[in-house]
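What follows is a single structure, and I will ask about it in a moment.
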Amino acid sequence: MSDEVKIHGRDFTAYRIGGAIAALILGFLLIWQVWELFDDDSLTVPEVHWGAASGEGETDGVEIQSGIIASDVLRARTKLQDERFRSGPSPDAEVPEYVIGGGPRLIESPMGEETGVGFTEAWAQMDGETATMVRGPQRVFGISSLPYAGAALFERPDGRNWRFGMADFVTHLGALAILGFSFLLALILAIRGRVPIAKGRSGKTVKRFGFLERANHWMTAVSFLGLALTGLVIAYGDTVIRPFGEPLLGDLGWLSTWGHVLFFPTFTLGVLFMILKWTWGNLPSRLDIQWLKRGGGFFSDDPDNPPARKFNAGQKLIFWSAVIGGLIMIGTGITLMFPFYWLDLEGMSWVMLIHAGIAVMLIAIFIGHIYIGTVGMQGAIEAMWGGKVDRNWAEEHHELWLAEIEDGTARREGSR
């Protein structure tokens, strides 16, 4: 059937050029992210240090005194917030001075990067004398009158595992998954071009999705995009947006915090509708194995693609990713919206980690879905845009479904 090919993937020159440009940009971002993963800049390094200066007015030219005096000044200031029975006003306590007098005062001065790194490395190394005084990592509880769950938990060593999961696994590997998959798709578009309607358009259309299905699809898609964008601002805003100004980060952070919750109800309704409407058609079958072995015919312009019913194996993978991942996101999202109702601090930490990890994986998966439904395949977007697809497109990608549709139409016409 290869002699019937009228359109090839390489014929879409503009799409291939766009794919090449996108691949270059994404490749640069991918290299930058890999560099960020291994550049060892995750240390908490002090940038300024406190000192004490005598006299008043400008600090230029004044004598900077020892850090011990600075500690004394800080200690004196904390007395302003001390308990009343110790610092007054009370009959048996000395009334503190509420105005800083003309004695030593605190100043700060910049600390060189090498000095700051040296301090951090010194603190991280434990000598023998310190080791004898430091006890092993364990939870430390105190007494608190605050009505918050976990308020009395002062030390939680296993929080380091949570920080590792969020700061390293989810943040960096999530960014690598999103950028890496996007780069791969852009590279495929640049080299292979679009998946064409190999026989060309027939001029005849077949109804694929009804209005309610399409409306629910776009409602769910817009909701997911809103959740993804607001979630990315929350997760990566400090790295990506802060360089453009802290006011911008503050405004986008405020909008994202509220917007992330507002997109939740429509996303939930959309996922539940998809489960009710499309689960039966997305159950696995033997046809899926053959479809996967041949890569769905996406890497060949031959119109003789592996047969499929209404949903092929690739669409089934997207569907079950949306359903399983969506339900996990809904469950963890509700838990985060109502914290400590049924989980303690440890459970909430795991819920947050799972929510973030599944989110970045879903974003990467749905980038592939958006790609194949728009620029990646000719005629695919028409299914969810107008509800009808070209007959040749249906024959090349969903041959068995088209046969069922046409057989049903023929029977109805024959019974009249």
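The values are calculated or read from the model by the stated rules, or taken from the named source; none is laboratory data. Note that this is a predicted model, so its numbers are computed, not measured. With ideal geometry, Cβ positions are generated from the backbone for all residues, glycine too; neighbour counts draw on all protein chains shown.
Looking only at the range 191-208, decide whether some residue is of a type outside the set (Val, Ile, Thr), part of a helix (DSSP H, G or I) and either in the same structural domain as TRP350 (by TED's automatic domain parsing) or surrounded by fewer than 20 Cβ atoms within 10 Å (Cβ to Cβ) (or both).
yes
Would you be able to say whether some residue in the range 26-33 is closer than 29 Å to ALA124 by Cα, aromatic (Phe, Trp, Tyr) and at pLDDT 65 or above?
Within the range 26-33, one or more residues are closer than 29 Å to ALA124 by Cα, aromatic (Phe, Trp, Tyr) and at pLDDT 65 or above.
How many residues does the range 260-308 contain that are more than 30 Å from GLY331 (Cβ to Cβ) and buried (at least 17 other Cβ atoms within 10 Å of the Cβ)?
Residues that pass the stated criteria total 9.
Search the range 162-182 for residues that are free of Cβ contacts under 8 Å to residues at least 24 places away in the same chain and pair each with any residue that is assigned to a helix (DSSP H, G or I) and surrounded by 16 or more Cβ atoms within 10 Å (Cβ to Cβ) when their beta-carbon atoms are under 7 Å apart and the residues are at least 6 apart or on different chains.
As it stands, the answer is none, since no pair meets every condition given.
For GLU406, which of the numbered conditions (1) modelled with pLDDT of 90 or more; (2) surrounded by 13 or more Cβ atoms within 10 Å (Cβ to Cβ) fails to hold?
For GLU406, the exception is condition (1).
Further question: Test ILE324 against the stated conditions and say whether it is surrounded by fewer than 16 Cβ atoms within 10 Å (Cβ to Cβ) and within 30 Å of TRP393 (Cα to Cα).
Yes; evaluated as a whole, the condition is true for this residue.
Follow-up. Where in the range 213-322 are the helices (runs of 4 or more DSSP H), entirely inside, with at least 2 residues that are at negative phi, in the same structural domain as ILE363 (by TED's automatic domain parsing) and among the polar types (S, T, N, Q)?
Passing ranges, in order: 246-262, 264-278.
Name the helices (runs of 4 or more DSSP H) wholly inside the range 113-188 in which the number of residues that are of a type in the set (S, T, N, Q) is 3 or more.
Output list is empty.
I'm checking my understanding of the structure. Among residues of the range 277-315 that are charged (D, E, K, R) and in contact with a Ser or Thr (Cβ under 9 Å, 6 or more places away or on another chain), which one is nearest to LEU402 (Cα to Cα)?
ARG309
Now for a separate question. Name the residue, out of LEU276, LEU248, that is more than 30 Å from ALA149 (Cα to Cα) and at pLDDT 95 or above.
Among LEU276, LEU248, only LEU276 is more than 30 Å from ALA149 (Cα to Cα) and at pLDDT 95 or above.
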